């Protein structure tokens, strides 16, 4: 801490857990020198929901609808990871058609997630018209998801061994129309988010994450692809139908931009991924094989099979926010899921905040915080932290001991009376 | 560019709104009073947007065909289905239902069916509409 004439020149400003600039409960402590940020310290753990605990008291089939409620935006992602983890544990192989349907659904969700993010980013820098514009165009893909699955969010499409609803031939014109709608609007989106001078001012060279830092801090998804790191589970370890498809890493240098890793690059990567998703869905619709949609059509038999199943499984996925993972363990004498662990992409990306905030101004905090597309609801499951941000920030060992002694004395006093 | 902005603004004044006002065309001062008026039939509701085919709405339960196998109770994630021992049928709490449809899929007798009904909000979760086969 700098000192001048005996006075401190840096200040500590906590932002969050509840703050107008943040959409979700989450705390970052900033050290400031005037307007400049000299240190940023993220504190996760403000939104513990105990969802894994709930899952461990239900049988594996009951957990499918629960798993998609981990996140409101990437519900398919969590559902897919959970089902693939259980499939891995008990050796169920999804049918080929199901793999393609899953891929289409996941890519539709990626479009919706990235368009939504663009709106949030615009809102953070004060362009609410763009927020309304992007959220309006996002409705189109949500309508399509509703048409396929029967609901706008929480699609309930997955089952062990496949999917529960088919994408039939008569839905293809709807899919085509939606994809065309986004392709037509893409130029406008690019014009708004990449061409507009005022947005460029707020995003260019702001919140830079260098390639070296991105690798060191194990960031995932568009956050690190914007820095030029070639990292994408869809290509590195293909799941669902991605192995059959023609896809490539989306990094800025592929589109004649520099791999800077600032907010602008992150916007660029996300917008280009919308086009990539459209391309992937087109390929899937074209190549979709005939056949059954699930390899376990009898749900009652499946339920009995899982009752005495034993094994461990892992499901990995490239979520719209980056790589995420589920771990599931089933044991023979426990009908319920024995262990369920979720690692969402935001958990990795939070560490990248530290270098991104350095040297920036207070006013840049919201857009930099939004640039990793944080989803605290997904991430905070395992930690219970009690931080009093008001008068006292941390308890020392002695103080805790003193509190404990006081409580004991209080309780003893109660017994005496 | 100002010309594009003006063009867009004029276009937006003339085109249909992206949202569909529901249940009434203009936001009433008091929503509860408006809901009561709709219930009495004094105010006409503005029709909702078209409900897609295969929509997952309120679940219809056919009590007669139920054989009491309890499979639906075993797959219901939110315990919205409660088995009634005395009559060997299930009781369905709509307020707890997540509309995942696993009961619809697993029922060997096809007693469950999705309907188009989506207006399932209410002030009393124990009311007649929200508990099926009480």
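The values are calculated or read from the model by the stated rules, or taken from the named source; none is laboratory data. The model shown is predicted, which means the values in this text are computed figures rather than measured ones. Cβ atoms come from the backbone with ideal geometry, glycine included; neighbour counts cover every protein chain shown.
The table for this structure:
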{"read-out": "Elements of type helices (runs of 4 or more DSSP H) in region A:312-384, at least 1 residues being under 24 Å from residue A:212 (Cβ atoms) and in contact with a helix residue (DSSP H, G or I) (Cβ under 6 Å, 6 or more places away or on another chain)", "value": "A:345-349, A:353-357, A:365-371"}
{"read-out": "Test: residue in region A:116-133 that is buried (at least 23 other Cβ atoms within 10 Å of the Cβ), under 18 Å from residue A:184 (Cβ atoms) and either touching a helix residue (DSSP H, G or I) at 6+ places or on another chain (Cβ under 8 Å) or at pLDDT 90 or above (or both)", "value": "yes"}
{"read-out": "Among the candidates A:305, A:341, residue that is surrounded by fewer than 18 Cβ atoms within 10 Å (Cβ to Cβ), in contact (Cβ under 8 Å) with a residue 40 or more places away in the chain and under 17 Å from the mean Cα position of the chain (by Cα)", "value": "A:341"}
{"read-out": "Identity of the residue in region B:76-115, farther than 27 Å from residue A:160 by Cα and surrounded by fewer than 14 Cβ atoms within 10 Å (Cβ to Cβ), that ends up nearest to the other protein chains (Cβ to nearest Cβ)", "value": "B:88"}
{"read-out": "In region A:221-231, residue farthest from residue A:125 (Cα to Cα) [restricted to those that are in contact (Cβ under 8 Å) with a residue 24 or more places away in the chain and surrounded by fewer than 24 Cβ atoms within 10 Å (Cβ to Cβ)]", "value": "A:231"}
{"read-out": "Residue match in region B:54-73 (condition: surrounded by fewer than 16 Cβ atoms within 10 Å (Cβ to Cβ), within 14 Å of chain A (Cβ to nearest Cβ) and within 19 Å of the chain's Cα centre (by Cα))", "value": "yes"}
{"read-out": "Residue within region A:229-249 that is closer than 29 Å to residue A:130 by Cα and touching a strand residue (DSSP E or B) at 6+ places or on another chain (Cβ under 8 Å) present", "value": "yes"}
{"read-out": "Flag if residue A:84 is under 20 Å from residue A:302 (Cβ atoms), surrounded by 24 or more Cβ atoms within 10 Å (Cβ to Cβ) and touching a residue at least 12 places away in the same chain (Cβ under 8 Å)", "value": "yes"}
{"read-out": "In region A:252-276, the residues that are in a loop (DSSP other than H, G, I, E, B) and surrounded by fewer than 24 Cβ atoms within 10 Å (Cβ to Cβ)", "value": "A:256, A:257, A:258, A:259, A:260, A:262"}
{"read-out": "Single condition residue A:55 does not satisfy, out of (1) within 13 Å of chain B (Cβ to nearest Cβ); (2) under 18 Å from the mean Cα position of the chain (by Cα)", "value": "(2)"}
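Listed here are the residues, each with its yes/no results for (1) within 13 Å of chain B (Cβ to nearest Cβ); (2) more than 30 Å from residue A:354 (Cα to Cα).
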residue: A:41; (1), (2): no, no
residue: A:75; (1), (2): yes, no
residue: A:89; (1), (2): no, yes
residue: A:110; (1), (2): no, no
